[in-house]
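This report concerns only the one structure given below.
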Amino acid sequence: MEVGELLREWRRRRRLSQLDLAIQADVSSRHISFVETGRTVPSRRMVLHLAEHLQVPLRERNRLLVAAGYAPVFRERPLDAPDLRAARQALRQILRAHLPNPAVVVDRRWNLLLANDAARVLLAGAAPALLEPPVNMMRLGLHPDGFARRLVNEAQVRRFLLSRLARQAHQTGDPELLALHAELAGHGDGDDEPPDPAEIAMPLRITYDRAEPSFLSTITTFGAAFDITLDDIVVEALYPHRRRDGGRAAGVRHPRGVERRPLSAAGRGQVRGTTSGPGTIRPVSAPSCSTSIVTTSPGFSHG
C-alpha cells in the first residue's frame with residue numbers, strides 16, 4: 001500500500017477531514033490531498049509530522065516511512081534487552097510502589113509482561129490453559145474459565161473491557177486485536193451495552209480468599225517513548241474502591257511463605273514460591289520478555 005493510502009486510512013480512522021488535519025498540522029489541505037492521491041511524495045519529515053498529528057503508533061510510523069521510500073527510524077528491542085535495563089527498573093519500581101494493590105504491565109495486545117505480587121488476585125483459580133504463555137489479560141478477564149467467574153460485577157466489567165478493546169482495535173487497525181475482540185465478545189450473551197459515560201474508571205469487584213476486594217482500574221502509558229516496545233507498553237493499576245452500597249474496599253490477603261530468590265541465568269525473570277497456601281502461581285513468559293512477579297518479603301499480607 002502506498003504512503004498516501006496509509007495516511008488517508010489513518011486520517012479516516014481518526015475521523016478527520018483533510019481540512020481538519022491541515023489545520024492541526026499547519027499545512028495546506030491541497031498538499032494533504034496531493035499526498036493522499038499520490039501526486040506528491042512527502043518528505044521524511046512530512047511523513048513523521050503528519051503521523052504525529054494523526055497519533056500513529058511508532059510501529060506504524062515505521063511502516064509509513066518504508067511505504068514512502070525511507071528507512072524506519074524507530075527501534076524495537078525486547079524488554080529484556082540490555083539497552084532497556086533502565087526502563088525495566090522503572091517498571092518494576094512502579095509495580096512495587098503500587099503494593100499492596102495489584103498492578104500489571106502488558107504489551108499492546110494485552111499479553112502479560114510484568115506483575116506485582118498483589119496481581120495474584122487476578123491470576124488465582126484460572127484454568128491452566130489461560131496461564132500458558134503468553135498470558136493474555138483481556139482473555140483472562142473475559143473468558144468463563146478466567147477470573148470472570150469470580151467477578152461480582154461481571155456484566156459491568158465486560159462492558160468496560162469489550163468497549164476498551166473495540167476502541168483500541170479500531171484506533172490501531174491491529175488484526176490480532178480485532179480477532180481477540182471477536183473471540184471474547186462471543187463468550188457473552190450478545191447484550192453488551194457500552195459503559196455508562198459518567199463512569200471514568202472501570203470498577204472491579206472480585207471474590208478472593210473468602211473476601212471481596214473492590215477496585216478501580218486505571219491505565220498508564222509512556223507518552224514520550226521513542227522505542228516501539230516502550231510505546232506499546234501499558235501499566236494497569238487497581239486502586240481500592242469504596243462501593244456505592246457503602247461497603248469498604250476489602251483488603252487483599254496473600255499466602256505466607258512467598259519470597260523472591262536469586263535468579264539463575266536460566267530462570268531469569270521468574271519467581272519461586274512455596275506451595276504452602278492457595279494462590280501460588282507458576283512463572284509464565286511473554287513473547288519478547290519473561291514475566292516477572294515482583295514479590296514482597298515472606299509473610300507479607302495486605303489488609
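The table below gives the values:
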| read-out | value |
| --- | --- |
| Meets criteria (in a helix (DSSP H, G or I), closer than 30 Å to L114 by Cα and in contact with a helix residue (DSSP H, G or I) (Cβ under 7 Å, 6 or more places away or on another chain)) for A97 | no |
| In the range 186-204, the residues that are modelled with pLDDT under 90 and within 22 Å of T218 (Cα to Cα) | D192, E193, P194, P195, D196, P197, A198, E199, I200, A201, M202, P203 |
| Subset of the range 127-153 [closer than 14 Å to D209 by Cα and touching a helix residue (DSSP H, G or I) at 6+ places or on another chain (Cβ under 8 Å)] | F147, L151 |
| Subset of the range 9-22 that is outside any loop (DSSP other than H, G, I, E, B) and in contact (Cβ under 8 Å) with a residue 12 or more places away in the chain - its residue that is farthest from V56 (Cα to Cα) | Q18 |
| Exclusive hit being among the hydrophobic types (A, V, I, L, M, F, W, C) and in contact with a strand residue (DSSP E or B) (Cβ under 8 Å, 6 or more places away or on another chain), set L65, L79, L16, L7 | L79 |
| Qualifying residue in the range 140-147 (condition: of a type in the set (G, A, S), assigned to a helix (DSSP H, G or I) and under 19 Å from A103 (Cβ atoms)) | yes |
| Single match in L19, L58 (criterion: among the hydrophobic types (A, V, I, L, M, F, W, C) and at pLDDT 95 or above) | L19 |
| Breaking point among (1) in contact (Cβ under 8 Å) with a residue 12 or more places away in the chain; (2) more than 30 Å from the chain's Cα centre (by Cα); (3) surrounded by 14 or more Cβ atoms within 10 Å (Cβ to Cβ), for A25 | (2) |
| Positions within the range 30-51 being assigned to a helix (DSSP H, G or I), without any contact (Cβ under 8 Å) to a residue 12 or more places away in the chain and exposed (fewer than 14 other Cβ atoms within 10 Å of the Cβ), in sequence order | R30, R45 |
| Hits in the range 52-61 - residues which are surrounded by fewer than 15 Cβ atoms within 10 Å (Cβ to Cβ) and either assigned to a loop (DSSP other than H, G, I, E, B) or of a type in the set (F, W, Y) (or both) | Q55 |
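The values are calculated or read from the model by the stated rules, or taken from the named source; none is laboratory data. Because the structure is a prediction, the values reported are computed rather than measured. As a convention, Cβ positions derive from the backbone with ideal geometry for all residues, glycine included, and neighbour counts pool all protein chains shown.
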